[in-house]
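Accompanying notes for the structure given below.
The values are calculated or read from the model by the stated rules, or taken from the named source; none is laboratory data. The shown structure was predicted, so the numbers you read here are calculated from the model rather than taken from an experiment. As a convention, Cβ positions derive from the backbone with ideal geometry for all residues, glycine included, and neighbour counts pool all protein chains shown. With ligands, DNA and RNA removed, areas are computed over all heavy atoms of the protein, side chains included. Shrake-Rupley method; radii C 1.70, N 1.55, O 1.52, S 1.80 Å.
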Amino acid sequence: MPTIKSLFVTRLYHGKLAELGPAVDPDELEASCFSIAEDDEAGQEWCEENGFPGYTSYASLTDLPWRFPIFKTLVAALDAHVAAFVTDLEFDLEDRNLVLEDIWINILPEGGIHTSHIHPHSVISGTTYVVVPPGAKSIKLEDPRHAMMMAAPARRPHCREELRAFVYPGPQAGDVLLWESWLRHEVPMNMDEDDRVSVSFNYRWE
Ligand SMILES: [Fe+2]
């Protein structure tokens with residue numbers, strides 16, 4: 001019998017924030033995201049000037065974990081999730097560590113999208129989900145080998161998830177997704193009248 005196996009795999013980590021590390025109060029995290037967004041005038045201006053739908057703290061607040069204790073606790077929990085993913089990935093970090101590079105809030109209103117992108121200069125990227133209204137579409141992950149598939153046929157509908165060109169993991173509030181930072185992803189349009197709230201982050205090798 002021939003053997004067929006998967007090579008060069010892309011790992012995706014999908015867990016519950018509460019499963020590892022210190023407890024993060026979900027209500028406090030949600031309230032903090034909204035109050036920080038409301039107070040961050042520089043961030044609001046940046047979003048307006050750059051045509052960014054809703055709010056992100058990415059360009060204006062680089063010190064969330066130092067300013068807000070709930071974010072310090074959140075980072076401690078994320079550190080534990082990232083460590084678990086590093087174990088799965090069998091990374092040899094030598095005597096160095098993966099450390100948080102940046103962490104930011106995203107509030108995506110109805111009609112908002114985040115177009116396709118990667119996170120250069122980092123090793124692990126991810127998002128933890130704070131509010132996911134029913135009409136908010138899942139993050140979309142893309143096969144990194146698309147550019148090489150010039151003449152490849154499309155896959156059958158409902159083919160195995162590992163064979164699909166696009167994957168929609170469907171994270172819910174309280175979930176954590178982690179991936180390697182080279183993995184291209186986008187957030188399709190929020191079709192819900194309520195905001196989709198998430199906190200995204202990058203880890204670098206230090
Ligand atoms: Fe991203």
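Okay, here's what the table says:
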| item | result |
| --- | --- |
| For G111, net neighbour charge (Lys/Arg +1, Asp/Glu -1) across residues whose Cβ lies under 14 Å away | -3 |
| Charge dipole (debye, nearest 20) of the range 1-108; +1 at Cβ of Lys and Arg, -1 at Cβ of Asp and Glu | 640 |
| R0 of 45 Å, Cβ-Cβ distance M191-M1: FRET efficiency to nearest 0.05 | 0.45 |
| Lysines with Cα under 20 Å of K72, excluding same-chain neighbours fewer than 8 positions away | K16 |
| Pairwise label distance in nanometres, K16 with E49, each label 7 Å out on the Cα-Cβ vector | 4.3 |
| Distance (nanometres) between label positions extended 7 Å along Cα→Cβ at S35 and M150 | 5.8 |
| For the chain: accessible area per residue (Å², 1.4 Å) | 59 |
| Cβ-based charge dipole, the range 1-80, positive-most Cα from A31, G43, A80 | A80 |
| Computed E for T62/I113 - FRET, C-beta separation, R0 25 angstrom, nearest 0.05 | 0.55 |
| Residue-averaged [θ]222 nm for the chain, counting only DSSP H segments that reach four residues, each worth -39500 (n - 2.57) | -7000 deg cm²/dmol |
| Total charge dipole magnitude, the chain, about the Cα centre, Cβ charges on Lys, Arg, Asp, Glu only, Debye to nearest 20 | 1340 |
| Charge-dipole axis of the range 110-206 as Lys and Arg at +1 and Asp and Glu at -1 on Cβ define it, positive-most pick from G126, S138, L163 | L163 |
| For a label point 7 Å along the Cα-to-beta-carbon line of L93, residues of the range 11-33 with backbone N under 11 Å | none |
| Per-residue ³J(HN,Hα) for the range 143-148, Karplus 6.51 cos²θ - 1.76 cosθ + 1.60, θ = phi - 60°, Hz, x for Gly and Pro | 3, x, 9, 3, 5, 9 |
